[in-house]
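One structure below.
The values are calculated or read from the model by the stated rules, or taken from the named source; none is laboratory data. It should be emphasised that the depicted structure is a prediction, and the values quoted were computed from it without experimental measurement. FYI the Cβ positions are ideal-geometry reconstructions off the backbone, even for glycines, and counts take in every protein chain you see.
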Amino acid sequence: MEALVAVSLLSTKKLNRRFGGVVAVKDIDFSLEQGEIRGIIGPNGAGKTTFVNLLSGRLASDSGQIVFRGVDITGQPAWKRARLGIAYTFQITSIYPGLTVFENVAIGAQMRSHQSSKSRPWTDWKTNLEEIVGSCLRMTGLDWSRTRLAAELAYGHQRLLEIAVNLAVDPVLFILDEPTQGLSVDEIREFTDLLRRIRSDRTIILIEHNLPFVMNLADRVTVMDQGGILAENDPKGIQVDARVKAAYLGE
Ligand SMILES: Nc1ncnc2c1ncn2[C@@H]1O[C@H](COP(=O)(O)OP(=O)(O)OP(=O)(O)O)[C@@H](O)[C@H]1O
Ligand SMILES: [Mg+2]
């Protein structure tokens, strides 16, 4: 029988990162539960992107500790963290414009961290790849575009393609940095539905300036300001928090 104690998927202790004289991330103690959608909000320059780059390993921390699934990953390079299940920060640059939609998602599928190491016949492997890519394309509504070049897709569809690639990698932790940037109202609505569909047994960190979007999706919200954590609560609690209002939400 499994223990009923909530074990955090990821935690940080006194995490720090500076750029010259700027302390971008300051003494952050953070804890994330398996399966939650965590919103991270805060003013420009608060340190949100730097913080998640420290988690994914894109940036090295100056001091402090990061533990993922019980393993100290503080000194590990990004590719090792990706193998453990932390998705690289969501970015438009993660897709290859000169490859087809299918090929882009196939690359993601080949990066799966939990691939069986047993050698399998080529035909099995190929069928498996078709299945994984097909299901990711259906889930993101991109099936129609499988033979198109990624470069030919409209912006909103390229962002869906990034999600499809990430789904194919099947990370334990998705980190999405301003995923709704540049999307239309309709596309944001579709994106919300998509995140709800893919959330089962996945953990998602969602950095956003679009507050209705993040308040609608997140289980908990962390507010950052000047490199530190200003407040942490469920979306309702955050919306009535006086310090948060003063620092970020305004009136
Ligand atoms: N590569 C870098 N070199 C120098 N300074 C940096 C670098 N990256 C971030 N900073 C500085 O660190 C601080 C935090 O920046 P960061 O990008 O993490 O903020 P953010 O919360 O993601 O902001 P935004 O909402 O605008 O994306 C800022 O003062 C920024 O200027
Ligand atoms: Mg940022």
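A residue that is within 16 Å of ligand 2 (Cβ to nearest atom), farther than 19 Å from Leu142 by Cα and at pLDDT below 95 occurs nowhere in segment 185-204.
Scanning segment 130-141 for residues that are surrounded by fewer than 21 Cβ atoms within 10 Å (Cβ to Cβ) and not charged (D, E, K, R), we see that the one that is farthest from ligand 2 (Cβ to nearest atom) is Gly134. Looking only at residues in segment 24-55 that are within 11 Å of ligand 2 (Cβ to nearest atom) and assigned to a loop (DSSP other than H, G, I, E, B), the one that is nearest to Phe68 (Cα to Cα) is Gly47.
For (1) modelled with pLDDT of 95 or more; (2) within 30 Å of Arg17 (Cα to Cα); (3) surrounded by fewer than 15 Cβ atoms within 10 Å (Cβ to Cβ), each residue gets a yes or a no:
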| site | (1), (2), (3) |
| --- | --- |
| Ala78 | no, yes, no |
| Phe90 | no, yes, no |
| Leu99 | yes, no, no |
| Met111 | no, yes, no |
| Lys126 | no, no, yes |
| Glu152 | yes, no, yes |
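Just so you know, in segment 197-219 the residues that are out of contact with any Lys or Arg (no Cβ under 6 Å at 6 or more places or on another chain) and assigned to a strand (DSSP E or B) include one that is farthest from ligand 1 (Cβ to nearest atom), and it is Thr203.
Per-residue answers, yes or no, for (1) in contact (Cβ under 8 Å) with a residue 40 or more places away in the chain; (2) in contact with a His (Cβ under 8 Å, 6 or more places away or on another chain); (3) surrounded by 19 or more Cβ atoms within 10 Å (Cβ to Cβ); (4) not in a helix (DSSP H, G or I):
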residue	(1), (2), (3), (4)
Thr147	yes, no, no, yes
Glu162	yes, no, yes, no
Asn166	yes, no, yes, no
Gly182	no, no, no, yes
Val223	yes, no, yes, yes
Tyr248	yes, no, yes, no
